[in-house]
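These notes concern the structure reproduced below.
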Amino acid sequence: MAQKSRYISGMYRPNMLYGTIIRSPINRGRITSIDIPPMGDDVVVVRASDIPGSNGLRILKETLPLLTGETIHYLGQPILAVFAPTLEDAKVHASSVAIQFDTIPPDMEDRGIFTDRTVTHGDIDKALMDHPRVVERSYLTRELESSYTAPTGALSYPEDDRVIIHASTQWPFHVRDSVAEVCGLQKRRISVYTTPYSPNYGEKLVYPSMYACLTALASIKSGRPARLISRFPALSPRITVLRKTALDESGIPCAEDILVTADVGAYPLFAEEITEHLRCGVMGYIPLDHYRIRVKTLHSPHPPRYHFDGFGYPSALFSSESHISEICYDQEVNPAQWRLNQYTSQQLHLLNGASMGETPLEEVIQRVVKESAFNRKFAVCKINQVQRSSHASFRGYLRGIGIASGFAPNGFSRNYPWEKLYSVQVRLDENNRLSIHTSLCNSGASYTWRRTSSEILGIPEENIEVVYGGTRELPNSGPHILSRDISIITPLIRRCCESIKSQRFKEPLPIIVKRGFKAKSHEPIQEFHRFKPFTTACWGAVVVELEVDSVSFMPEFRGIWCAIDCGRLFNEEVLRNNLRTKLLKILHLAVGGRITPDYMPKVEIQFVDRGSSVPLSGSQVLVGLFYAAFTSALSQALDRSITELPITPPDILAQLEDL
């Protein structure tokens, strides 16, 4: 069995080659010539013409080119890879390669539409005309860049008749399948081992497959081990949500027209799934008789933008909850009380009428309102806001408090057809030791898996092992994204253990059980009204209190209060620390990276226990709700609608100069 490595950067092999990638310096154009000078026998250059198989990574229905030899589709697109005995030599040789381009002017660049999906119910145009009170806002989440906490790369080397690959990947079987197609090898000849990847936002989902293909090609070509590490950034889609909401005489939404556009870069990776997540995220919790939701994914000359802390759901949730607060501010009502008045029903429904059943939404709102003293602070900030507006120049403190509440799904949408292909395996041996086999063996959920198995089978946790291995030994459990290790893999392990329990003391040991995900049947997506897009959801509420520094114009967070239903809790303190760390990372992104690493605001996180046996992840819901509560608090502090993220001190200064 292979041994775990700390990081890919800490892995070495004798006689190893080090690689670097030559990328396109232009957005769009054509390569007119490539001049590669003589480089010596110990240097390996990998070009598109060197690829014996497919020059592309298949990602569900789409293909992302590995190397381009002619057309440039985005800035930073890989053209060549150079490998040498040292990284310095590789970079020197790469700099000697001369590439000429014909550039396409920006005004001639293709910026078309990849997908365009619209769902409509009732007569939305007539409803908007019949109701004179319409609140219209545009919400923008600009592209966010991942910050790497662990290297991204791959190491490949030949071993007997096989190619061994170590990669910092969240999707090891995609690495295997990609290398097989690119190198023209049988899958059984490739074994992929994951190294710790510490994913922040999902940046190690696709790029490690690219780097594994390049190192495998270099290794096969040279007969030597080859390693490549890159810090090429992963970017989130640029998402804009335009909302037009008609209000009835009581100020309650009665019709809504929503247009969502997502710039996903040059290739529409996961475009259908992005559409589903955005469409679900923009739905609030008031069922409407008239609505239209249109979601478009757009083409642009940028690197693919796909998974970044989800498939856009946090940005969509940010627009939904910020919009509710904007409606409340327009009517000068308390946004917390407004939510409690509307969400008191135990049988909550979405905008499209889909029933969410009994939810903890009312409880999580009440908890954060109480712990933060929201009502009192909101009233004080409102008084201060009124006093400031009566003066020609602003005086006093710029303080605000905001609230957001809602849910986020765990896992893929119900229209994702590949989930049924993934599985896990559990084995009970003769020595009463239990081994859990899953390709997500580097997941931080291993503690939960061991605790779950121990409770079902009565086996001490020290006798339970999550097996570390390669794709030849472990079952394909799918990609480690969207908290699937919690929401999908944990229930599968539970089912395996329950099956072992029923066979134990009846069947001879070892007992081996394998289980896969079974997608539930559902009505066609054409019947969107009352359609529930996801099977599991994590509910939460967040309050943010802040004050804008009058010198630096930096938001100073006076307190962040969270209440989240994460289902079954196995280690409350570990989960709380993980969510607190996550919160600080997204806080850093929300203010444009202006937070120092040692900054630690007051953060209180409570968990709601509804007696669930299934654990859930609170990561996505925390991101979306924090964004909405943060901008709502900042809107109150500045007495301006803040509907764009990230927002920096210069942006805040520009808002104040307009006062």
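The values are calculated or read from the model by the stated rules, or taken from the named source; none is laboratory data. Here the structure is a predicted model, which means the values were calculated and not measured. Neighbour counts run over all protein chains shown; Cβ positions are idealised from the backbone, glycine included. Note: areas computed on protein heavy atoms with side chains; ligands, DNA, RNA excluded. Shrake-Rupley method; radii C 1.70, N 1.55, O 1.52, S 1.80 Å.
Rounded to the nearest 500 deg cm²/dmol, what is the calculated helix-only ellipticity per residue at 222 nm for the chain, with -39500 (n - 2.57) per DSSP H run of length n ≥ 4?
That comes out to -9000 deg cm²/dmol.
Just the number, please: carbon plus sulfur as a percent of the accessible area of region 457-602, 1.4 Å probe, no ligands or DNA/RNA counted.
Carbon plus sulfur share of accessible area: 49 percent.
Between residue 332 and residue 421, what is the label-point separation in nm under the 7 Å Cα-to-beta-carbon projection?
Result: 5.9 nm between the two label points.
Using a 1.4 Å probe on the protein heavy atoms, what percent of the accessible area of region 312-435 belongs to carbon and sulfur?
It is 46 percent, rounded to a whole number.
Residues in region 154-184, backbone N under 17 Å from the label point at residue 15 (7 Å along the Cα-to-beta-carbon vector): list them, ranges by number please.
156-164
Given a Förster distance of 56 Å, report the FRET efficiency between residue 397 and residue 160 from their Cβ-Cβ distance, rounded to the nearest 0.05.
The computed FRET efficiency comes out at 0.20.
Of the options 150, 129, 195, report the single residue whose Cα projects farthest towards the positive end of the charge dipole of region 90-200 (beta-carbon charges: Lys, Arg +1; Asp, Glu -1).
So the residue we want is 195.
Which one, 457, 468, 424, projects farthest toward the positive side of the charge dipole computed for region 422-517 from Cβ point charges (K/R +1, D/E -1)?
The one lying farthest along the dipole's positive direction is 424.
Of the cross-linked pairs 61/514; 296/532; 204/602; 244/585; 370/532, which ones have a Cα-Cα span greater than 24 Å in the structure shown?
Distance filter (> 24 Å) returns 61/514; 204/602; 244/585; 370/532.
Measuring with a 1.4 Å probe in the full set of protein chains, what accessible area per residue, in whole Å², belongs to the chain?
For the chain, the per-residue accessible area is 39 Å².
Quantify, in whole percent, the carbon and sulfur part of the accessible surface of region 50-145 (1.4 Å probe; protein heavy atoms only).
Reported share for carbon and sulfur atoms: 50 percent.
Take the alpha carbon atoms of region 243-322, find their center, do the same for region 625-659, and report the distance between the two centers in whole angstrom.
Computed from Cα coordinates, the inter-centre distance equals 21 Å.
Which value, in debye to the nearest 20, describes the size of the charge dipole of region 420-566 about its Cα centre when Lys and Arg Cβ atoms bear +1, Asp and Glu Cβ atoms bear -1, and nothing else is charged?
Charge dipole of region 420-566: 940 debye, to the nearest 20.
Can you give me the distance in nm between label points at residue 371 and residue 656, each placed 7 Å from the Cα along the Cα-to-Cβ direction?
Taking the simple label geometry, residue 371 and residue 656 are separated by 3.1 nm.
Just to verify a number: FRET efficiency for residue 552 and residue 136, C-beta to C-beta distance, R0 = 30 Å, to 0.05?
Given R0 = 30 Å and the Cβ-Cβ separation, E is 0.35.
Helix 490-503: angle to the longest alpha-carbon principal axis of the chain, degrees 0 to 90, nearest 10?
Here the helix axis deviates by roughly 70 degrees.
Angle check, please: helix 374-389 long axis (alpha carbons) against the longest principal axis of the chain (alpha carbons), in degrees 0 to 90, nearest 10.
Compared with the principal axis, the helix lies near 70 degrees.
Can you figure out the FRET efficiency of residue 102 with residue 42, using R₀ = 25 Å and their beta-carbon distance, to the nearest 0.05?
With a Förster radius of 25 Å, E is 0.15.
Less than 9 Å Cβ to Cβ from residue 319, Lys/Arg counted +1 and Asp/Glu -1: what total charge do the surrounding residues give?
Once positives and negatives cancel, what remains is +1.
What are the ³J(HN,Hα) values, in whole Hz, obtained from phi via the Karplus relation 6.51 cos²θ - 1.76 cosθ + 1.60 with θ = phi - 60°, for each residue of region 268-285 in sequence order, with x given for Gly and Pro?
Ordered by residue, 3J(HN,Hα) equals x, 5, 6, 4, 5, 5, 4, 4, 5, 5, 5, 5, 5, x, 7, 7, x, 10 Hz.
Rounded to the nearest 20 debye, what is the charge dipole size of region 303-378 about its Cα centre when +1 sits on each Lys and Arg Cβ and -1 on each Asp and Glu Cβ?
Computed about the Cα centre, the dipole is about 160 debye.
Note down the magnitude of the dipole of the chain about its Cα centre, charges +1 on Lys and Arg C-beta and -1 on Asp and Glu C-beta and zero elsewhere, to the nearest 20 debye.
1480
Relative contact order for region 347-431: what percent, with Cα pairs under 8 Å and sequence separation of 6 or more?
It comes to 18 percent, rounded to a whole number.
Please tell me the relative contact order of the chain in percent, rounded to the nearest whole number, where contacts are Cα pairs under 8 Å and at least six residues apart.
Once normalised by length, the contact order is 14 percent.
Extension gain residue 35-residue 429, at 0.36 nm per residue separation less the Cα-Cα distance, in nm?
135.8 nm
Let me check I've understood the local charge: for residue 16, count other residues with C-beta under 13 angstrom from its C-beta, Lys and Arg +1, Asp and Glu -1. What total comes out?
Computed value for this residue: +1.
Using only the Cα atoms of region 422-517, what are the Rg and Dmax in Å?
When restricted to Cα atoms, region 422-517 yields Rg and Dmax of 12.3, 38 Å.
Say each of residue 383 and residue 355 gets a label point 7 Å from the Cα, pointing the same way as Cα to Cβ; how far apart are those two points in nm?
Between residue 383 and residue 355, the simple spin-label model gives 4.6 nm.
How far is the Cα center of region 95-145 from the Cα center of region 533-563, in Å?
So the two Cα centres are separated by 27 Å.
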